[in-house]
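The values are calculated or read from the model by the stated rules, or taken from the named source; none is laboratory data. Keep in mind that what you see is a predicted model, and the values were worked out from it rather than measured. Neighbour counts are summed over all protein chains in view; Cβ atoms, including those assigned to glycine, are modelled from backbone coordinates with ideal geometry. Each accessible area value is taken on the protein alone, full model and side chains, heavy atoms only, with ligands, DNA and RNA left out. Shrake-Rupley method; radii C 1.70, N 1.55, O 1.52, S 1.80 Å.
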Amino acid sequence: MSHVITLIPGDGIGPEVTESVIRIFKAAALDIEWERHDAGITAFKRVNQSLPVDLLESIRRNKVALKGPVTTPIAEGFTSVNVGLRKALNLYANLRPVRNLAGVPSRFEGVDLIIVRENTEDLYSGLEHEVVPGVVESLKIITEKASTRIAEFAFEHARQNGRKRVTAIHKANIMKLGDGLFLESCRAVSRNHLDIPYDERIVDAACMHLVMHPEKFDVLVLPNLYGDIVSDLCAGLVGGLGVVPGANLGKESAVFEAVHGSAPDIAGKNMANPTALLLSALMMLDHIGERQRAERIRAALGRVLAEGRIRTRDLDGDASTTDFTDAICREVEK
Ligand code: ATP
């Protein structure tokens, strides 16, 4: 079966890790026509827009995109492309499975978490203004609609995937109205899913428990900002940002991307670990019904990692992105 998929190579390490995925997909004989689009600084330089209209049209048409990281300028410049894309396409659920991979050095064994991050509001609403010189107000928007929608997503995901528990993460002791509404919405949804145990943790305590006993957590549902922070923390539990995938899911379309950013410190050095984007791309293959090929590539990746001879530097190896990609291609072709 052939597929047309939008591809955003991104910047920083983005082009290197997307190229790696494309090569591995070719080795698996996947019939994919990639519609390439730029975004962020590269698009801004070309068409004076960081999120070009033709990119959004391409994703709306194809319903599926694979996205490399796109740098967001810090404290100045255009607004985040990542946030803009999620809002424009209403990709309200950010799903990030965090698991140990055999052969990947990590602090813990037995970690198997699902992070469900609300993707459209909270402090990411981008509503900020200077009240008077020296005083800035950043608005944290929490709505019952978005909170209920993400809680329903978390419980449905738990049910469909045989998960054991859903934990809502919040700071409702301080933000009694905003996080209070998030929590109340989660509770209401939990009452319609009595077969799935539900509990709650305050975000700071949750972080402590996660770094002490990650195996005690299962599905986490979080507002946008806590979801961002806790995702990186959880990536650290299983070997770092190089190995954790993600999907941004909406009713109409889906954009698959790694948890990591553009990693400018290692960009262009052929050092990046493509595993996180590859695992995201495998989630994409499952999503479009290419489960068999996804499994084949997953097994090939698993063999290369478990064998441990060819590993990128973030995993204490010395292999380049290209060497690691070659090794997976060889395994896929076997
Ligand atoms: P953002 O705020 O854009 O999401 P981030 O805070 O997640 O970015 P990254 O740019 O992802 O930060 O990178 C943090 C560090 O993690 C990098 O400096 C790099 O050393 C490491 N890192 C991230 N992704 C990878 C990867 N795929 N392979 C190897 N190292 C990586």
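In table form, for the structure just shown:
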read-out: Within segment 140-149, considering residues that are hydroxyl-bearing (Ser, Thr, Tyr) and either under 17 Å from residue 95 (Cα atoms) or part of a helix (DSSP H, G or I) (or both), the one most open to solvent (accessible area, probe 1.4 Å); value: 148
read-out: Residue check for residue 92: out of contact with any Phe, Trp or Tyr (no Cβ under 8 Å at 6 or more places or on another chain) and of a type in the set (Ser, Thr, Tyr); value: no
read-out: Condition check for residue 107: modelled with pLDDT of 95 or more and either in contact with a His (Cβ under 6 Å, 6 or more places away or on another chain) or open to solvent by 20 Å² or more (accessible area, probe 1.4 Å) (or both); value: no
read-out: Answer residue from segment 6-36, given it is in a helix (DSSP H, G or I) and among the acidic types (Asp, Glu) and is farthest from the ligand (Cβ to nearest atom) among those; value: 19
read-out: Residue satisfying condition, being assigned by TED's automatic domain parsing to the domain that holds residue 214, at negative phi and assigned to a helix (DSSP H, G or I), within set 152, 137, 130; value: 152
